[in-house]
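The values are calculated or read from the model by the stated rules, or taken from the named source; none is laboratory data. All values derive from a computational prediction rather than experimental measurement. A quick note on method: Cβ atoms are made from the backbone with ideal geometry, for glycine too, and the neighbour counts reach across all protein chains shown. For accessibility, only protein heavy atoms count, side chains too; no ligands or nucleic acids. Shrake-Rupley method; radii C 1.70, N 1.55, O 1.52, S 1.80 Å.
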Amino acid sequence: RSPSRGLGDVYKRQELNQPSHAIDKFKEAIKLQPDSENAKGFLLQAYEKSLNYSGLYSTAVDILESSPNNKQAMLGLIKAGVSLDRRSEVDKTLKKLLKKNPNDETLYVMLAINAKLHDDRQSTIEILEPRKSTTNEMGLMTLGDAYSELKQYDEAVIVFELWRKMAPKSIMPMLRLIGVKALTKDYTAAFNLSEKSVNDFPITFSIVPPQI
């Protein structure tokens, strides 16, 4: 049978904690079908699962060369770059993609996330603050968290309020706001927001992280 037809079985092995075996099989599939995006995507996941950051990095770069909008590859590149201390190389790759797609808000968010994961919260703010009215939910969460971690709580509240307006059905920005109010010892506001969250969201809600 073709390599692509066997990918499902190999992926099951990967999920059964045999990522090394899965990596070998995905590499074989890519040799036979070099343009197989499915195989490359599964290989990326297998490298991440096995904590093979060199493989994760090189596979992410390979995927982005042919699929520059692949968010999974961008996140893999950033994660590997943090472990391998390759911030500048990751920035260079993301900026190269941004040059081709200057209006892609996702790429700005990725650059900001990369800065934040390297403990450069000020750069995160410099990237996202001018774009807070156009960025996505992940961008607002990243920007608000950067402000909060720098103890710039007033700015964090402004950003989290924007996020709440953008995603009124999500409890995530409400939880961030409650956290900031507690950090600033505004316990009355924290309590009121907690009460509002209980009323606005059913007790069986699921917390879904924002999408890139």
(message) Among (1) over 19 Å from Met141 (Cβ atoms); (2) open to solvent by 50 Å² or more (accessible area, probe 1.4 Å), there is one condition Val90 misses while meeting the rest; what is its number?
(response) (2)
(message) I want to confirm something. Restricting to the stretch 173-197 and keeping residues that are of a type in the set (Val, Ile, Thr) and touching a residue at least 12 places away in the same chain (Cβ under 8 Å), which single residue is farthest from Ser148 (Cα to Cα)?
(response) Ile178
(request) Give me a count of the residues in the stretch 93-120 that are of a type in the set (Val, Ile, Thr), closer than 19 Å to Leu56 by Cα and either open to solvent by less than 30 Å² (accessible area, probe 1.4 Å) or under 13 Å from the mean Cα position of the chain (by Cα) (or both). (result) 1
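Just to check your reading of the model, which residue among Glu161, Glu126 is out of contact with any helix residue (DSSP H, G or I) (no Cβ under 8 Å at 6 or more places or on another chain), open to solvent by 40 Å² or more (accessible area, probe 1.4 Å) and in a helix (DSSP H, G or I)?
On the way: Glu161 fails: out of contact with any helix residue (DSSP H, G or I) (no Cβ under 8 Å at 6 or more places or on another chain).
Step by step, each of Glu161, Glu126 is checked, and only Glu126 is out of contact with any helix residue (DSSP H, G or I) (no Cβ under 8 Å at 6 or more places or on another chain), open to solvent by 40 Å² or more (accessible area, probe 1.4 Å) and in a helix (DSSP H, G or I).
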(request) Those residues that are assigned to a loop (DSSP other than H, G, I, E, B), open to solvent by 60 Å² or more (accessible area, probe 1.4 Å) and either at pLDDT below 90 or under 18 Å from Lys92 (Cβ atoms) (or both), I need them from the stretch 13-68; list them, please. (result) Leu16, Asn17, Gln18, Gln33, Pro34, Asp35
(message) Need the failing condition index for Pro168 against (1) more than 22 Å from Lys71 (Cβ to Cβ); (2) in a helix (DSSP H, G or I), just the number.
(response) (2)
(message) Among the residues in the stretch 143-155, are any in contact (Cβ under 8 Å) with a residue 24 or more places away in the chain, open to solvent by 80 Å² or more (accessible area, probe 1.4 Å) and among the small types (Gly, Ala, Ser)?
(response) no
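Which members of the stretch 129-142 meet the condition of being open to solvent by 20 Å² or more (accessible area, probe 1.4 Å) and either in contact with a strand residue (DSSP E or B) (Cβ under 6 Å, 6 or more places away or on another chain) or among the small types (Gly, Ala, Ser) (or both)?
Listed by number, the list holds a single entry, Ser133.
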